[in-house]
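Engineer: The structure follows.
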Amino acid sequence: MSTATLDIHAHDAPLPSGERKNYLNVDHSVKSWLLTYDHKRIAILYLISITLMFFVGGLFAVLMRVHLIEPQGFLVAPENYNKLFTMHGVIMVFSFLVPSIPATLGNFLVPMMIGARDLAFPKLNLMSWYIYVIGAAFTLYSVISGGVDTGWTFYTPYSSSFAHTQVVPTAIGVFITGFSSILTGLNFIVTIHKMRAPGLNWFRLPLFIWAMYATSVIFILGTPVIAVTMFLLGLERLLHIGIFDPAIGGDPILFQHLFWFYSHPAVYIMILPGMGVMSELITAFSRKRIFGYTFVAFSSLAIAVISFLVWGHHMFVTGQSVYAGLIFSVLSFLVAIPSAIKVFNWTATLYKGSISYEAPMLYALGFIGLFTMGGLTGLFLASLATDVHLNGTYFIVAHFHYIMVGGAVMAYLGGLHFWWPKITGRLYPDAWARFAALVIFVGFNLTFFPQFVLGYLGMPRRYAVYPLEFQTLNVMSSAGASILGIGYLIPLIYLIWSFKYGPSAGPNPWGAKGLEWTTPSPPPTENFPTIPVVTEQAYDYAQTTGMVEHG
Amino acid sequence: MMGIVQTGLHQLAAATLWFPLKPTAASSIAENVDLLYYFLTALTLFFTALIFGTIFVFMIKYRRRTPDEIPPDTKTHMALELTWTIIPTLICVVIFVWASWLYVRNSVPPASATEMFVVGKQWMWHIQHPEGVREINELHVPVGTPIKLTMTSEDVIHDFYIPVFRVKHDVTPGRYSSIWFEATEKGTYHLFCAQYCGTDHAEMIGWVYVMSPQEYANWLAMSAGTPSMAQDGERLFNQLGCASCHAADNSGRGPSLVGIYGTEQRMKSGDLKLVDETFVRQSIVNPNSIALPNYAPIMPTFQGQVSEEQVLQLIAYVKSLAGEERTSNSK
C-alpha cells in the first residue's frame, strides 16, 4: 500500500537537481519499477514487453516473406515455414495485439482521462503484467525449444493428436496470458464505473474510455473461453481424453466453435481500442468536437455485443448447417454497420475543422483508409457464396491484416506518437515521424494488397511452396514487407532517441482537450494534485459547454 | 453485360499485366459467384474512393491556417446519422440476400449427380469412382455432368478446394461432407488442400482433368475389369466376416442389410433414424452407439481395421443392396 497511497504534498518539492518530480524520476531503482503500483509505470513495463514481442513476431513475418520469394521456397524446409507462420500468429495475436493499446495506452490513460490517481486495483494491475510476462515466457520457450506448427488457430485433431511440436507450452502460454487480459478488463470496468472525477458523467467521457470499456467487457466474457479451450486441448494431448479427436470419440468441430467464440470477439479486442484512439486523434488535430458522439460511443458497445454472435462465419465450409450459415452471415453483416457509422462520423468530424498534419494525424488518416478497405473486404467473407471460394486463401490473410495491421497497429502507433510527449515529457522529430508513417502506409499496401488478388486467384494460405503462376504477386508482397519492416524500425530508433535527447514537450504540445493534457509532462505520480471537477463535454474545442446537449 | 465485363477483364489481364486478375471460371456456378464478387469489388472501390476523396477534400479545404485557429462547433446532425446507418444496412441486406440465395442454390446437388468418393490423408487425396477406378491426387471428370463428391478424412481436417470451380469444403475425420460441381470448360486445373494439415500441407495438391464425355468414357475403359466400388465392398463384406451375422435372409445374429439403405429404421430408444452414409459408417466403427430393438449389442468395432476408403466401399455395397429405386435418393 505504501506506494499506492501518496503523500501529495511531498511532490510539490522539487528534486535536488531542480527538476520537477514526476512518475519517471521519482525513483530510479530497478526495484521501484518491478514493484511499482503506478499505472503509468506499469504501462511502460507493458510497452517494453509488447514492443519486444512485436519485433520477434515481425522477424518471423519477414522470414516468411523472404521464403516466399521463390515458388519452391527460398529459405527454410516446409516444417520450419509452418513454425514461422504459427509463431508469427501466436505472438502477434496473443502477446502483442490483444494487450497492445489497452495494456499500454489504456493503462496510462484511463485514470488520467477520468481524473483519477490510479486504477481501482493497482496491485492487480501489477499482477496482470507479471502474468503477461510468464505467459510470454512460455510462448518464447516454445519458440526456443523447437517451435510449434499448428497455426495460431490450433485446429484439432492436428494439434491434439498429430503435431509433434511444442503445442502444450504454447497453449499454456496462451492460457496464462489470457488471465492478464481478464485482470486488465476487470480493473478498467471498475475504474471507469467508480473513479470518474466529479462532473465527469458518462456522456462527457472521452470516446477512448468508451472503447476501453467495451474492450474490457469482451476481455472478461471472452477470455475464459479461450482458457478453457486451451485447457481441454492440453487434456486431450497429454491424457488422450477424447474431446476433439474423432478417433477417440471427440468432435473436431467443437474445438472450432470454442476457439472462435473467443477469437472472433478477440478481433474486436484488437480493433475497438484502435477506434478509441482514432476518436481522440481526429478531434485533436481538427480541433473539433466528435461528430455524433452518442453514435460513436454506442457503436463501440454494439460491436462488443454483436461480436459474440458471429463466430460461425469462420465455419461456413466446415459442414455447419445451411441455416446456421445464414444466421451467422446476417449477424456478420450486422456487425459491419457500427464500424461504418464510426468511419462516417470520423470523416464528418473533419468537416469545417482546423486540420493539421503532425505525425499522429497521418497515422489516423492512414487508419481510416486501411480500416475502410479491411472492413469492406469483410463483406466478401460474410457473403456465403463468395466466402466458399475465398475462405482459407490469401484473401483472408489480406483482409485481416488490413484490420489488424492497417487498423490496429496504425492506431497504436498513432496513439503512441500522440501521447508520447505526455508519457515521456519529450518531443520526437516530427519530420521523421511523418516519413515513417508514409513508409509504413506504402509498405503495408504493397505487402497486403497483392494478397487480395492471390486469394481470389485461389492461392491457399499457409503454403510453404506454391505454383509458379503466383510468384509475381508473392514477390510484390515480399518487397512490400521489406519496406514495412523498415517503416517499423524508424519509430523504434527516433522514439528511443527522443526519450533521452528529445526537446521538452510541455504539458500540452498539441493544444488538445482532455484531462490528461492538464497535467505536467511527464505527470507526477499522483497524476492530479487536486482532483479536477469536470464542467465540459469531451472535445469542447469551441468552448460551447452549457449550451450543447448530448447527441 | 457480364460477358462484356469478363471479356474486358481477360483482355486487360492479357494486355497489360503479367499476372491474371481472376481465376478461370470452369463450373456452372463460377460465373454467378464472380458476378457477386465484381459487385462487392465495385462497392469496395466506391466507398473507399468516397471516404478517401472526402478526407482529401477536407484535408485541403479545412487545413489549419493560423496556429490558434478555433473552428466553429458543428452540431450532430440526426438525419445524416440515420442516412449513413440506413443506407449501409440496406446495402448489406441486398448482399446478404443475393449471396445466400446463391449459396443455398449452389449447395444442393442435382438428383442426377454422379457420385465419387474422396478420402483425404496426410498428404494426399485418394479418389474412387463408382466404377471402381482409383486415383491419387488426380480427379478425372466429364464436362457437363454434375458430380457429387462424398468426402472424409483418414486423419486430420483437410479441405478440398478447386478454385476454377469456386467450390471448397472441409474434409473432416469422423464425418462425411459433400460438394458438387458441374464442369463447363475442358482443361487441367489445380486441386488444393485449403485447410492447414501439417508438414506437407502445401504439397497436398493435385490436378483436375475435365474431359469430354467421350474422352472420359475412354479413360474409364482403360481400367476395364476393375471391380466396382460395390464389388470391392462385397469382397470386404465377406472377408471381414460381416456376412456371417448380417445374412441376406435375416437368419444371422444381426439384421439383414438388404433393402435398408435410404430407409428410416426404428432404434431401441424409439427414434427413427435414416440409414445414410453416416449411419452405416457409425455402425461399422462404433456399433455400440447404435442400439436396435431385438438385437443384442454384440457387434465388435471395426475401427482401425478398415480404412476410410474401405468403409466407403462397404457403404457402396450396402447401397447396392438397397435395390435400384433407392440408390439415388439417399440424401
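Every number here is computed from the coordinates shown, using simple stated rules; none is lab data. Keep in mind it's a predicted model, so treat the numbers as computed, not measured. So basically every Cβ, Gly included, is an ideal-geometry build from the backbone, and we count neighbours across all protein chains shown.
Engineer: Classify the stretch B:229-330: rounded, prolate or oblate, from the alpha-carbon gyration tensor (a ≥ b ≥ c, eigenvalue square roots; a/c under 1.5 rounded; otherwise prolate if a/b is larger than b/c)?
Structural biologist: Numbers: a/c = 1.36, a/b = 1.10, b/c = 1.24.
Rounded, because the longest to shortest axis ratio a/c is under 1.5.
Engineer: From other protein chains only, count the Cβ atoms within 10 Å of every residue's Cβ in B:92-100, then give the mean. Mind dumping the intermediate values first?
Structural biologist: On the way: counts 10, 2, 0, 9, 10, 1, 4, 12, 8.
Counting other chains' Cβ atoms within 10 Å and averaging over B:92-100 gives 6.
Engineer: Do the alpha carbons of any pairs in A:Lys288/B:Lys75; B:Lys121/B:Lys319; A:Lys83/B:Lys22; A:Lys40/A:Lys342 sit beyond 22 Å of each other, and which pairs?
Structural biologist: Numbers: A:Lys288/B:Lys75 10 Å; B:Lys121/B:Lys319 24 Å; A:Lys83/B:Lys22 31 Å; A:Lys40/A:Lys342 29 Å.
From the list (A:Lys288/B:Lys75; B:Lys121/B:Lys319; A:Lys83/B:Lys22; A:Lys40/A:Lys342), the Cα-Cα distance tops 22 Å for B:Lys121/B:Lys319; A:Lys83/B:Lys22; A:Lys40/A:Lys342.
Engineer: Let me ask you something else. Can you compute the helix-only [θ] at 222 nm over chain A? Use -39500 (n - 2.57) per DSSP H run of at least 4 residues, normalise by all residues, nearest 500 deg cm²/dmol.
Structural biologist: Working: 16 runs with 329 residues, N = 551.
Calculated mean residue ellipticity at 222 nm is -20500 deg cm²/dmol.
Engineer: Calculate one ³J(HN,Hα) per residue across the stretch A:156-164 by plugging θ = phi - 60° into the Karplus curve 6.51 cos²θ - 1.76 cosθ + 1.60, and present them in order as whole Hz with x for glycine and proline.
Structural biologist: Using θ = phi - 60°, the values come out as 8, x, 4, 5, 8, 10, 10, 5, 10 Hz.
Engineer: Spelling out what I want: for every residue of the stretch A:479-489, take phi, set θ = phi - 60°, compute 6.51 cos²θ - 1.76 cosθ + 1.60 (Karplus), and round to whole Hz; glycine and proline get x.
Structural biologist: Once θ is set to phi - 60°, the couplings for the stretch A:479-489 become 4, x, 5, 5, 5, 4, x, 5, x, 7, 6 Hz.
Engineer: Based on alpha-carbon centroids, what's the gap between the stretch A:190-218 and the stretch A:231-280 in Å, whole number please?
Structural biologist: Using only Cα atoms to place each centre, the spacing works out to 29 Å.
Engineer: Between A:Asn80 and B:Val108, what FRET efficiency comes out of the Förster formula 1/(1 + (r/R0)^6) with R0 = 41 Å and r the beta carbon distance, rounded to 0.05?
Structural biologist: Working: r = 43 Å, r/R0 = 1.05.
After rounding to 0.05, the efficiency reads 0.45.
Engineer: Same structure again: Kirkwood Rh, the protein assembly as shown, all Cα pairs: how many Å?
Structural biologist: Details: mean 1/r = 0.0340 Å⁻¹.
Answer for the protein assembly as shown: a Kirkwood hydrodynamic radius of 29.4 Å.
Engineer: Here's another thing I want to ask about it. Run the numbers for B:Ser223 and B:Ile290: contour at 0.36 nm per residue of separation, minus the present Cα-Cα distance, in nm.
Structural biologist: Numbers: separation 67, 0.36 × 67 = 24.12 nm, distance 3.82 nm.
Residue separation times 0.36 nm, minus the Cα-Cα distance, leaves 20.3 nm.
Engineer: How far apart, in nanometres, would the label points at B:Thr66 and A:Ile531 be if each is projected 7 angstrom from Cα along the Cα-to-Cβ direction?
Structural biologist: Once both label points are built, they end up 4.0 nm from each other.
Engineer: With a sphere of radius 14 Å drawn around the Cβ of A:Gly73, what net charge do the other residues whose Cβ falls strictly inside it have (Lys, Arg +1; Asp, Glu -1)? Kindly include the intermediate steps, with their values, before the conclusion.
Structural biologist: Values: positive: A:Arg65, A:Lys83, A:Arg462; negative: A:Glu70, A:Glu79, B:Asp200, B:Glu203.
So the surrounding residues net to -1.
Engineer: Give a residue-ordered list of calculated ³J(HN,Hα) values for the stretch B:24-39 (Karplus: 6.51 cos²θ - 1.76 cosθ + 1.60, θ = phi - 60°; whole Hz; x for Gly, Pro).
Structural biologist: With coefficients 6.51, -1.76 and 1.60, one gets 4, 9, 10, 10, 5, 9, 4, 5, 5, 5, 4, 4, 5, 4, 5, 4 Hz.
Engineer: What is the calculated FRET efficiency for A:Trp202 to B:Phe56, with r their C-beta to C-beta distance and R₀ = 60 Å, to the nearest 0.05?
Structural biologist: Values: r = 35 Å, r/R0 = 0.58.
It comes to 0.95.
Engineer: Using label points projected 7 Å from each Cα along Cα→Cβ, tell me how many nm separate B:Glu185 and B:Ala79, to one decimal.
Structural biologist: Result: 5.0 nm between the two label points.
Engineer: Further question: Quickly work out the A:Gln471-to-A:Leu492 label distance, labels modelled 7 Å from Cα along the C-beta direction, and quote it in nm with one decimal.
Structural biologist: 3.1
Engineer: Mind giving me the FRET efficiency for A:Val30 and A:Tyr130? R0 is 22 Å, r the Cβ-Cβ distance, nearest 0.05 is fine.
Structural biologist: 0.90
Engineer: Provide the net charge surrounding A:Ile243, with neighbours chosen by a C-beta distance below 9 Å and charges set as Lys +1, Arg +1, Asp -1, Glu -1.
Structural biologist: Working: positive: none; negative: A:Glu236, A:Asp245, A:Asp251.
Neighbour charge sum, excluding A:Ile243 itself: -3.
Engineer: Give me the inter-chain shielding for B:185-198: mean count of other chain Cβ atoms within 10 Å, whole number please. Numbers along the way, then the final one.
Structural biologist: Working: counts 0, 0, 0, 0, 1, 6, 0, 8, 4, 10, 11, 14, 5, 9.
The per-residue average across the peptide is 5.
Engineer: In what sequence do B:Cys92, B:Cys193, B:Cys245 fall when counting other Cβ within 10 Å, fewest first? List each step's numbers first, then the result.
Structural biologist: Details: B:Cys92 20, B:Cys193 28, B:Cys245 15.
Arranged by neighbour count, lowest to highest, B:Cys92, B:Cys193, B:Cys245 become B:Cys245, B:Cys92, B:Cys193.
Engineer: OK, next. Cut-off is 10 Å between beta-carbons; in what order do A:Ser339, A:Ser100 appear when sorted fewest neighbours first? Please report the intermediate quantities before stating the final value.
Structural biologist: On the way: A:Ser339 25, A:Ser100 29.
Listed from fewest to most nearby Cβ atoms, that is A:Ser339, A:Ser100.
Engineer: While we're looking at this one, here's another question. In a shell of Cβ-Cβ distance under 9 Å around A:Thr165, excluding A:Thr165 itself, what net charge do Lys and Arg (+1) and Asp and Glu (-1) give?
Structural biologist: Details: positive: A:Lys83; negative: A:Glu79, A:Asp149.
It works out to a net charge of -1.
Engineer: Amide H neighbours of A:Ile69 under 5 Å, counting only residues 5+ apart in sequence or on other chains, H built in-plane at 1.01 Å?
Structural biologist: A:Phe74
Engineer: Now a separate question. Would you pull out the residues with amide H under 5 Å of B:Ser153's amide H, same chain only if 5 or more places away, H placed 1.01 Å from N?
Structural biologist: Amide H neighbours of B:Ser153, under 5 Å, 5+ apart: B:Gly120, B:Thr172, B:Gly174, B:Arg175.
Engineer: I've got another one for you. Based on the mean of other Cβ atoms within 10 Å per residue, sort peptides A:425-435, A:358-368 so the most packed one is first. It would help to have the intermediate numbers written out before the result.
Structural biologist: Values: A:425-435: 18.1, A:358-368: 25.2.
Averaged packing, sorted descending, gives the order A:358-368, A:425-435.
Engineer: Could you order peptides A:302-310, A:281-289 by the average number of other Cβ atoms within 10 Å of their residues, highest first? Working shown, then result.
Structural biologist: Details: A:302-310: 20.6, A:281-289: 26.2.
Ranked from most to least packed, the peptides come out as A:281-289, A:302-310.
Engineer: Okay, which of the stretch B:267-310 sit inside 11 Å, backbone N to the point 7 Å along the Cα-Cβ direction of B:Ser251?
Structural biologist: Counting backbone N atoms under 11 Å from the label point, the list is empty.
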